[in-house]
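Notes follow once the structure below has been shown.
The values are calculated or read from the model by the stated rules, or taken from the named source; none is laboratory data. Treat the numbers as computed from the prediction; the structure is a model and nothing was measured. Ideal geometry is used to build each Cβ from the backbone, glycine not excepted, and the neighbour counts take in all protein chains shown.
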């Protein structure tokens, strides 16, 4: 059996990959474990130079790696380059800060001392998505390798070329083979990997449905897990917002990566006093975006990563129109392409409000009061992040503590960056990546009392 990667823009096949059998997967796990036993004995300081080398390799070859992203999942090339640059940043961050983040703490206890050390666990198994095929891996790779864990990654079947490149980068930087490994497997093989005694943790990024299945397996075999799942982030525009600046931010928040991002602004909530004016600005801004060939540097929106993703989005659109939403722009689909689309008169009962829409579709809902806005924000099964656009500091301070999501940004789109903990609540998952919290998720927090 095999997987074949396909360019979603040209619809041409790229490469065929054989699926590994169970015995080969077990062999990889055993080699990763033997590597870990040696790797864990060394201090984080011994890994700094190699982690910085990874960052150097990424920047020196960013165009090559960016092309692979674009060919395999259709991301516009300028955005693919930025993804590679961001991966270098996370490597530099953990190279610089890991020693400090992993320092042993001492607590005095009735004349004795308790030391709290942070030690590696073993092999961490990662199940990665296709929408940020380098970044999603590196934000797991950088902290865990600096901690001393080994990694085995199952990448998405449509971005296996990216997985191969990442493996080569880690080895080229000087890390021992099997510090990082990727396995080409079927979904049915996931359970046996999680069950393996050498696997000490599972990290998953993807849909809520798949995440629930992974979490069930992790619980069954008593393995620590981190889930970064779907999102339906609210972009909330109050009557005092800077409308021109906010419109520009909201358009980028929704349509970057052709809308294929868990933290994309997927619900636009606009105060009724500025509703007509703001929607006009949004529509005008979207119409100015360059659509087309993802290999062209001026392209901002291109195809979705697979045809079935575009079909799902089309069905969500049709359902919502049948439920009473009004189409004011876009709405057409052909193969993997889905036209940038705006829906208004959207209510909380509609599909596009309740479900995650993974593509260039923006549903708009009006609100009257701050209390209405708060109710609409929290009226979601997801809890990844929220953007509040207002000049009123008191309003922001009053609202953010009542918002149930994992992040609240003022006058900015929700984003993930190396020094800030990232993760959600509710159906958006649990656990945190990045920052101090990210490097400690798969650490053995050990108490030594003496």
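Report, by residue number, each residue of the stretch 367-396 that is in a helix (DSSP H, G or I), farther than 14 Å from residue 408 by Cα and without any contact (Cβ under 8 Å) to a residue 12 or more places away in the chain.
Those that are in a helix (DSSP H, G or I), farther than 14 Å from residue 408 by Cα and without any contact (Cβ under 8 Å) to a residue 12 or more places away in the chain: 371, 372, 375, 394.
Filter the stretch 365-393 for residues that are surrounded by fewer than 23 Cβ atoms within 10 Å (Cβ to Cβ) and farther than 23 Å from residue 275 by Cβ; which is nearest to the chain's Cα centre (by Cα)?
Once the filter is applied, the top-ranked residue is 381.
Residue check: is residue 323 closer than 21 Å to residue 235 by Cα, surrounded by 14 or more Cβ atoms within 10 Å (Cβ to Cβ) and in the same structural domain as residue 248 (by TED's automatic domain parsing)?
For residue 323, the condition - closer than 21 Å to residue 235 by Cα, surrounded by 14 or more Cβ atoms within 10 Å (Cβ to Cβ) and in the same structural domain as residue 248 (by TED's automatic domain parsing) - is not met.
Looking only at residues that are over 26 Å from residue 251 (Cβ atoms) and outside any strand (DSSP E or B) in the stretch 405-426, which one is farthest from the chain's Cα centre (by Cα)?
419
Quick one: is residue 156 within 24 Å of residue 381 (Cβ to Cβ), buried (at least 22 other Cβ atoms within 10 Å of the Cβ) and out of contact with any strand residue (DSSP E or B) (no Cβ under 6 Å at 6 or more places or on another chain)?
Yes.
So is residue 399 assigned to a helix (DSSP H, G or I), farther than 24 Å from residue 239 by Cα and in contact (Cβ under 8 Å) with a residue 24 or more places away in the chain or not? Can you show your working first?
Values: assigned to a helix (DSSP H, G or I): yes; farther than 24 Å from residue 239 by Cα: no; in contact (Cβ under 8 Å) with a residue 24 or more places away in the chain: yes.
Considered against the rule, which asks whether it is assigned to a helix (DSSP H, G or I), farther than 24 Å from residue 239 by Cα and in contact (Cβ under 8 Å) with a residue 24 or more places away in the chain, residue 399 comes out as no.
Are any residues in the stretch 221-251 surrounded by fewer than 22 Cβ atoms within 10 Å (Cβ to Cβ) and out of contact with any helix residue (DSSP H, G or I) (no Cβ under 9 Å at 6 or more places or on another chain), and if so, which ones?
222, 239, 242, 245, 249
Only one of 255, 238 is at pLDDT 95 or above, in contact with a strand residue (DSSP E or B) (Cβ under 8 Å, 6 or more places away or on another chain) and under 22 Å from residue 134 (Cβ atoms). Can you tell me which?
Values: 238 fails: under 22 Å from residue 134 (Cβ atoms).
Of 255, 238, the one residue that is at pLDDT 95 or above, in contact with a strand residue (DSSP E or B) (Cβ under 8 Å, 6 or more places away or on another chain) and under 22 Å from residue 134 (Cβ atoms) is 255.
Have a look at 272, 356 and point out the one that is over 19 Å from residue 237 (Cβ atoms) and at pLDDT 95 or above.
Numbers: 272 fails: over 19 Å from residue 237 (Cβ atoms).
From the options 272, 356, the qualifying one is 356.
What number of residues within the stretch 429-450 are part of a loop (DSSP other than H, G, I, E, B) and either crowded, with 16+ Cβ neighbours inside 10 Å or in contact with a helix residue (DSSP H, G or I) (Cβ under 7 Å, 6 or more places away or on another chain) (or both)?
Kept after step one, since they are part of a loop (DSSP other than H, G, I, E, B), are these residues of the stretch 429-450: 431-432, 434, 441-442, 450.
The next check asks that each one be either crowded, with 16+ Cβ neighbours inside 10 Å or in contact with a helix residue (DSSP H, G or I) (Cβ under 7 Å, 6 or more places away or on another chain) (or both); those that pass are 431-432, 434, 441-442.
Final tally of qualifying residues: 5.
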